[in-house]
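Engineer: Right, I'll just put the structure down here and ask away after.
The numbers here are math on the coordinates, done by the rules we state, and not lab data. This structure is a prediction, so every number in the text was calculated from the model and none was measured. Please note: Cβ atoms are built from the backbone with ideal geometry, for glycine as well, and neighbour counts cover all protein chains shown.
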Amino acid sequence: MHRWHWISAAVSLIALLLFSITGITLNHAAQIESEPRVVNLKETLPASLLRGLKGEHPTDAPLPGAVNDWLTDALDVRAAGRKGEWSDSEVYVSLPRPGGDAWISIDRQSGAIEYERTDRGWIAWLNDLHKGRNTGAAWRWFIDLFAIACLLFAFTGLWLLQLHARQRGKTWPLVALGLAVPLLVIIVFMH
């Protein structure tokens with residue numbers, strides 16, 4: 001158990017620090033001021049690519065590959081694989097990301113493109129990582145594996161507390177205090 005305890009602690013240490021810090025920043029988000037940076041771009045899709053937006057499309061189809069390639073090269077916009085919202089007049093693609101947001105709209109008749117990207121700063125980026133917001137499947141898997149490592153750390157720690165409790169008389173009163181304090185805060189102060 002000692003080995004599992006220190007291995008799970010070592011594996012989860014950095015992420016535990018990150019999640020603890022972002023827990024504080026999330027708890028005090030209203031006090032942390034930041035000025036979002038907004039970038040607006042306007043461009044026109046080449047006529048040869050505009051033809052790919054004409055005609056019938058499912059209402060949630062992604063943009064055609066050639067249009068995505070052009071957007072990446074011309075505007076540094078990565079919309080590949082993202083579902084679009086197709087209407088008769090435009091296609092709109094939402095591009096949420098950690099710490100910000102973005103969207104692109106392409107007029108299906110004229111090819112007029114409007115792109116907007118909002119960056120809320122690195123604290124917002126870290127807070128979104130904490131919540132798993134707009135982070136993708138790989139990060140969500142990481143959070144789940146990290147949570148399992150933390151559970152392993154906690155359960156092996158509990159086992160070690162039980163193992164050494166006879167020599168340390170304050171063990172169980174301190175564990176009970178760790179349970180009682182949050183309960184009292186909930187009962188007394190949360191309404």
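Engineer: Can you return the lysines within cross-link range of K83? Criterion is Cα-Cα under 29 Å, with same-chain partners fewer than 8 residues away left out.
Structural biologist: Qualifying lysines at Cα under 29 Å: K42, K54, K131.
Engineer: Here is a follow-up. Please give the net charge around W139, taking every other residue with its beta carbon less than 11 angstrom from that of W139, where Lys and Arg add +1 and Asp and Glu add -1.
Structural biologist: +1
Engineer: At 0.36 nm per residue, and after removing the present C-alpha to C-alpha distance, how many nm does the segment from K131 to L26 gain when stretched out fully?
Structural biologist: Stretched out fully, the K131 to L26 stretch lengthens by 36.9 nm.
Engineer: Once you sort the root eigenvalues of the Cα gyration tensor of segment 1-158 as a ≥ b ≥ c, which label holds: rounded (a/c under 1.5), prolate (a/b larger than b/c) or oblate (the other case)?
Structural biologist: prolate
Engineer: Taking 0.36 nm per residue of separation and subtracting the Cα-Cα distance, what length does fully extending H191 through A147 add?
Structural biologist: Working: separation 44, 0.36 × 44 = 15.84 nm, distance 2.92 nm.
Contour length minus the Cα-Cα distance gives 12.9 nm.
Engineer: While we're here: In the chain, which helices (entire DSSP H runs) extend 30 Å or more along their own long axis, judged by Cα positions, while averaging at least -1.0 on the Kyte-Doolittle scale? Let's see the in-between values first.
Structural biologist: On the way: long enough: 2-27 (34 Å, 1.12); 137-164 (40 Å, 1.42).
The answer, listed by residue number, is 2-27, 137-164.
Engineer: Moving to a separate point now. Over segment 73-116, what is the relative contact order in whole percent, taking alpha-carbon pairs under 8 Å and six or more residues apart? Don't skip to the end; give the middle numbers.
Structural biologist: Numbers: 59 pairs, mean separation 11.4, N = 44.
Relative contact order, segment 73-116: 26 percent.
Engineer: Calculated from DSSP H runs of 4 or more alone, at -39500 (n - 2.57) each and per residue, what is the 222 nm mean residue ellipticity of the chain, nearest 500? It would help to have the intermediate numbers written out before the result.
Structural biologist: Values: 6 runs with 98 residues, N = 191.
Dividing the helical sum by the residues of the chain leaves -17000 deg cm²/dmol.
Engineer: So what is the relative contact order of the chain, in percent, for Cα pairs below 8 Å that sit 6 or more residues apart?
Structural biologist: Relative contact order for the chain comes out at 24 percent.
Engineer: What is the extension gain from K54 to L174, computed as 0.36 nm multiplied by their sequence separation minus the C-alpha to C-alpha distance, in nm to one decimal? Can you show the working numbers first?
Structural biologist: Values: separation 120, 0.36 × 120 = 43.20 nm, distance 6.84 nm.
Roughly 36.4 nm would be gained on extension.
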